[in-house]
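What follows is one structure encoded as C-alpha cells, with my remarks underneath.
The values are calculated or read from the model by the stated rules, or taken from the named source; none is laboratory data. From a predicted model like this one, the values you see are computed outputs, not experimental measurements. As a convention, Cβ positions derive from the backbone with ideal geometry for all residues, glycine included, and neighbour counts pool all protein chains shown.
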C-alpha cells in the first residue's frame, strides 16, 4: 500500500476523523510532521498547524521559520509559541509544554482533534524499550493509533516510507541534529541497536514489533473490557468484595486493581507490578484491619471482607456547637446532623438545659451503649459494630454536658436513650 492508502485506511479503521472535524497538526518541520500535514491538507481536511519553539538548541529558530514558510505557501493556518530560553531543561519538560500549548490552541480555536506524527518505527521502538525495562501486556502494545482526541494517522507507516513520500512529492523538511546524538535512550536504541538487531536477527524487526503490538492491543482491550465488568460486579461502596476478587483469574484481578488505582489516583500512571503483587498477598491473608503502603500516599487495606484502596487520611477531627432544632454541617463530609421532635432516626431524650456539641472521637472516649449494660470504649464499640477503620475518625459523637450522648445515629448512651429524660427527640444524619 502507498503512504496515502495506509493513512486513509488508518483514519477509517480507527474512526480518527470525520469530514467536518477540525484537526490541529503538531508541526515540528521534520519529515514526519511535514508528511502528515501535507497528506491531511491534500485530503481536504480542515487543518491548522501548531509549532512550539522549545528554545533548547541553536537551530530552533530555523525550524520555526521553516514551519511558518511551509504553511504560508499553502495557506494553512499556523500558530506558534516560543518558550523562554533555558526554561525547558529536558525532553520530558519539552513534551509537557508542547501538549499544554496544543491544548490551549485547540480550546481557543474549537478544534476537535490533535494529529501527531508518530510512525511505525516509533511504535516498534516503544515496544522494545518497554520490553527491556520490564512491561506488562499494556506496555507491549506500542503507541495507540488513537487515544481520546489525539490521533496518529502515520502509525502504520515506516520512517523510510515517510522520507520517500517527501522526496517523491518535492517536500523539503528540517532535521533535528540532536536525533543523531546518543544522549537520549531512544536515540541510542534507534541509531545503534535497532540497525544491529535488524542486520543480525530480523531484517523486518520494525514490522514484527509493531505488528505484534497490534495483536497485543487486541488482547489488552478484551482483558480490560472483562476487568471493567468484573470491577462493576464486585464493587462495594468505595471498595471491592474480597471473596469475589480472589475468585477472579489473576489476569483479570490484576486489571481490577489497576482500575481501582486509577479511581484513587487521578491521572496517575499504572501501578508498578511489585505493588500489585503486594496487594494480592494482602488480599489472600484476608486479615481485617491489615494494610500496606502504596505510592502517592495511598494505602490498601482489608476491612470486614472488603478490599479498599484509598488516600491516607488527613486530620479529619472537628468540634462544633450544636442546638436542638437546627442542622449542623459535619466538616470533611457531605452530611449534616440535627435533633428534631419528629422524624426518622435515633431516639434520644434530653431535659432541655444540656450544653450540646458534636465532635469526632478522642483517645479514652467511653460511653454506656443503651441496652447493653455497662460502659464500653468507643474504640471497642467501633470494632464490635464493624465500623470500617476509614470511617471511625469521621463519625460524629453527640456530646451533652461533656458526656457522650450518642454515637452518630448508631447507638444512644443509656442515660440519653428515649424515655429516660423529660422530652423525647430524634437524631437525624442526612446528606447536605
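Give the residue, chosen from 221, 182, 241, 176, that is surrounded by 14 or more Cβ atoms within 10 Å (Cβ to Cβ) and over 27 Å from residue 304 (Cβ atoms).
Values: 221 fails: surrounded by 14 or more Cβ atoms within 10 Å (Cβ to Cβ); 182 fails: surrounded by 14 or more Cβ atoms within 10 Å (Cβ to Cβ); 241 fails: over 27 Å from residue 304 (Cβ atoms).
Testing whether each residue is surrounded by 14 or more Cβ atoms within 10 Å (Cβ to Cβ) and over 27 Å from residue 304 (Cβ atoms) leaves just 176.
Condition check ((1) surrounded by fewer than 18 Cβ atoms within 10 Å (Cβ to Cβ); (2) in contact with a helix residue (DSSP H, G or I) (Cβ under 7 Å, 6 or more places away or on another chain); (3) in the same structural domain as residue 304 (by TED's automatic domain parsing)) across all residues:
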site	(1), (2), (3)
359	yes, no, no
362	yes, no, no
375	yes, no, no
394	no, no, no
406	no, yes, no
414	yes, no, no
- Options 22, 85; residue that is more than 23 Å from residue 172 (Cα to Cα) and over 31 Å from the mean Cα position of the chain (by Cα): 85
- If we take segment 273-316, then strands (runs of 3 or more DSSP E) inside it with 3 or more residues that are touching a strand residue (DSSP E or B) at 6+ places or on another chain (Cβ under 8 Å) and without any contact (Cβ under 8 Å) to a residue 60 or more places away in the chain are 291-294, 298-303
- Note on the structure: Apart from one, (1) surrounded by 23 or more Cβ atoms within 10 Å (Cβ to Cβ); (2) closer than 15 Å to residue 145 by Cβ; (3) in contact with a strand residue (DSSP E or B) (Cβ under 9 Å, 6 or more places away or on another chain) all hold for residue 33; the odd one out is (2)
- Task: Give the number of residues within segment 81-109 that are within 27 Å of residue 42 (Cβ to Cβ) and surrounded by 18 or more Cβ atoms within 10 Å (Cβ to Cβ).
- Result: 5
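Can you pull out the helices (runs of 4 or more DSSP H) entirely within segment 158-265 that have at least 1 residues that are under 30 Å from residue 298 (Cα atoms), in contact with a helix residue (DSSP H, G or I) (Cβ under 7 Å, 6 or more places away or on another chain) and in contact (Cβ under 8 Å) with a residue 12 or more places away in the chain?
Correct list: 205-234, 242-246, 250-264.
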- Message: If residue 344 satisfies all but one of (1) within 23 Å of residue 418 (Cα to Cα); (2) buried (at least 19 other Cβ atoms within 10 Å of the Cβ), what's the number of the condition it fails?
- Response: (2)
